[in-house]
Amino acid sequence: MTVTIYHNPACGTSRNTLAMIREKAGEPEIVEYLKTPPSREKLCELLKAMGMKPRELLRQKGTPYNELGLGDPKWSDDRLIDFMAAHPVLIERPIVVTNKGVRLCRPAEKVLEILPAPAAP
């Protein structure tokens, strides 16, 4: 199974999710999204696959969320995606992609929904 994690090594939840992936599915493809941000198109794909609206994927803590006034309902989904593409720190993490689905893994245990089932004893 191919597993990709959009990861921030400074985030405890992201580190815990990565550890669970390694334990259950081996070494994933790791995308440090602050160094290699997803394109606007990739963000749209991820949102669609997760069934989420852009506002649900916005990270507030430790980001320019307040300075940019992103809490204001005037911002359209398209504009919010533009902000996330321009400021990847606004993207909540970790996002995990497998052939079983895509999840925002907060809490980290959500990753178990899309990892392979344990082998029968």
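The values are calculated or read from the model by the stated rules, or taken from the named source; none is laboratory data. None of the values given here were measured: they were computed from a predicted structure. Ideal geometry is used to build each Cβ from the backbone, glycine not excepted, and the neighbour counts take in all protein chains shown. Surface areas here come from the heavy atoms of the whole protein model, side chains and all, with no ligands, DNA or RNA. Shrake-Rupley method; radii C 1.70, N 1.55, O 1.52, S 1.80 Å.
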Residue match in segment 71-94 (condition: basic (K, R), closer than 20 Å to E113 by Cα, buried (at least 18 other Cβ atoms within 10 Å of the Cβ) and modelled with pLDDT of 95 or more): yes
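Can you confirm whether segment 10-17 contains a residue that is open to solvent by 80 Å² or more (accessible area, probe 1.4 Å), under 19 Å from L112 (Cα atoms) and modelled with pLDDT of 95 or more? Write out each step before concluding.
Start the filter on segment 10-17 by keeping residues that are open to solvent by 80 Å² or more (accessible area, probe 1.4 Å), which leaves 10, 15-16.
Still in the list and also under 19 Å from L112 (Cα atoms): 15-16.
Among the residues that remain, those that are also modelled with pLDDT of 95 or more are: 15-16.
Yes, there is a match, as at least one residue in segment 10-17 is open to solvent by 80 Å² or more (accessible area, probe 1.4 Å), under 19 Å from L112 (Cα atoms) and modelled with pLDDT of 95 or more.
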Here's a check for you: in segment 18-34, which residue that is out of contact with any Ser or Thr (no Cβ under 7 Å at 6 or more places or on another chain) and closer than 14 Å to P94 by Cα is most open to solvent (accessible area, probe 1.4 Å)? L34
Using beta carbons and a limit of 6 Å, which pairs, at least six apart or on different chains, have the first residue in segment 86-99 and more than 11 Å from Y6 (Cα to Cα) and the second one among the polar types (S, T, N, Q) and outside any strand (DSSP E or B)? V89/T63; L90/T63
Take residues that are among the small types (G, A, S) and tell me which of the helices (runs of 4 or more DSSP H) falling wholly in segment 4-106 contain 3 or more. 12-25
Per the list (1) open to solvent by 30 Å² or more (accessible area, probe 1.4 Å); (2) at positive phi, residue check on G101 breaks on (1)
Examine segment 54-70 for a residue that is in contact with a Ser or Thr (Cβ under 8 Å, 6 or more places away or on another chain), free of Cβ contacts under 8 Å to residues at least 40 places away in the same chain and surrounded by 13 or more Cβ atoms within 10 Å (Cβ to Cβ), and state whether such a residue exists. no
